[in-house]
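First comes the structure, then the notes that go with it.
Bear in mind these aren't lab numbers, they're just calculated from the coordinates by the rules spelled out. Everything quoted here is computed from the prediction, not taken from an experiment. Every residue, glycine among them, receives a Cβ derived from its backbone with ideal geometry; neighbour counts consider all protein chains shown.
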Amino acid sequence: MKNIFFIILIAASVCTTGCQKFLDVNKDPNNPTDVQESLLLAPIEQNISDNIQGGNASVNIQNYLQNIAPNQPNPGIWNYQSFNADFDGDWYVFYVVCLNNLKILNEKAESGGNLNYAAIAKILTAYTLGTATDYWNEIPYSKGFDKSNFLVPYDSQESIYDTVQALLTRSLSNIDANSGKLPGTDDYFYAGDMEKWRRAAWALKARFAIHLTKAPGHTAAQQADEALGYLQNAMQSNDDDLKFSYEGSTGSENIWNLTFSPVTTYVLNETLVDTLVNRNDPRLPVIVNPAEQTGLYNGRRIGTETQELTTYSYPNDFYGGTASSNFIITYNECLFIKAEATFIKSGYAAAQPVYQDAVNSNLEKLGIDPSSADAIAYVNGRKLTSENALQRIMEEKAAANIFNLETFNDWRRTGFPALQPVDGALSEIPRRLLYPQSEILTNAQPQQSVGLTDRVWWDAQ
């Protein structure tokens, strides 16, 4: 069973002789200080799914994107009330639970010649580190694990992005070496299929390249060229999706299923539901359940009076079931990146067939026949023009990427999907997360005075 791990795996050697065992009275047998790669990889992967792609920070982002809404009155994170302490747990998960243990995994795998494990460690480090800098901008990393530093300086986001790309490049070299043990059932993502890991690394390189279309010192054309080059080796079908598949049993429920439990009062937001309804999107019944009480598709509007939870819509089983998958990066996303990059380089007409393939591949993944009359009518009604191309690419990418963090990055880069502040908003829509209070108290840095509406480096105006 894939249990939810909230542990820090630390290392040391285990004694082998009876005399040593007798004398080592200060060693706790329940907390070994050296463990094999397979015991490190499994809990790291679950934590990445549960607490990075689906954790507290991600819930904040889904509020900002108006995908979810709690059945509660203002104020709260849903109308942009946040405090530094709200993100203490996220910082801990990113740095202590994930990045620290990924560092241990990578070093152990490299020293033992198990370079397939080292490759996975680098890919997951790149994803985790890239997500962290997209949330917080400047963050500690190059000296973040140096125990000699009392105060750890922050790296620029530009340098973090360079590190992310370098990690992914080195992971590909590790895979090429094909050295040492292959992961098996301890690899919840791909069960040790290193060719799929290879394609995921190239896909992530494309994702982080396209983020920089507005970054200082970069051009949209330059980043489009980079992304298109990376995509040649990236995911080739929906079977290549980097996703975490939950068993659905008690203790192993999909993280979004838990997010929408009655205790949290989270339901789907009116913005998301009405968007799908108004477009006559054939994915609507696959993504959204009608409200139990009325049988209608009804999302909650922030700032309005609370109602019975049964009057609102919830996610359907594709995303919100106990055994649903949590998607990290997908083939659909690769196609939408290719459509955007093609539009930047060659215009809307060249992008149209790629964009259409992206929409159709998502329909197919959700069990909708792209050749059905409803699907054909939908795709034909959403064709690109010179005026709407970027908007529609981003809108369809958001529909295919529901509950994925990437929609927040796309909205910041492009302004699409178009959003307005919620009723009773305390500010404009946030563009980042606050630095955690725990970090401010223990590692004070000048960057930590930022607010929610300040921009990260690549989010240039």
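Can you tell me which residues in region 265-280 are touching a Pro at 6+ places or on another chain (Cβ under 7 Å) and of a type in the set (Val, Ile, Thr)? Listed by number, the list holds a single entry, 265.
Rundown of residues vs (1) under 30 Å from residue 395 (Cα atoms); (2) of a type in the set (Gly, Ala, Ser), yes/no style:
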{"position": "59", "(1), (2)": "yes, no"}
{"position": "90", "(1), (2)": "yes, no"}
{"position": "98", "(1), (2)": "no, no"}
{"position": "117", "(1), (2)": "no, no"}
{"position": "122", "(1), (2)": "no, no"}
{"position": "136", "(1), (2)": "yes, no"}
{"position": "152", "(1), (2)": "no, no"}
{"position": "156", "(1), (2)": "no, yes"}
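Of all residues in region 416-461, those satisfying the criterion of being among the small types (Gly, Ala, Ser) and under 17 Å from residue 135 (Cα atoms) are 438, 449, 451, 460. Could you go through region 332-343 and let me know if any residue there is surrounded by fewer than 23 Cβ atoms within 10 Å (Cβ to Cβ) and assigned to a helix (DSSP H, G or I). The answer is no, given that none of the residues of region 332-343 is surrounded by fewer than 23 Cβ atoms within 10 Å (Cβ to Cβ) and assigned to a helix (DSSP H, G or I). Looking only at region 313-331, which residues are of a type outside the set (S, T, N, Q), farther than 27 Å from residue 265 by Cβ and not in a strand (DSSP E or B)? Of everything in region 313-331, just one residue is of a type outside the set (S, T, N, Q), farther than 27 Å from residue 265 by Cβ and not in a strand (DSSP E or B), namely 331. With the requirement that a residue be buried (at least 22 other Cβ atoms within 10 Å of the Cβ) and either free of Cβ contacts under 8 Å to residues at least 12 places away in the same chain or of a type in the set (Val, Ile, Thr) (or both), what does region 204-232 give you? Selection gives 210 alone.
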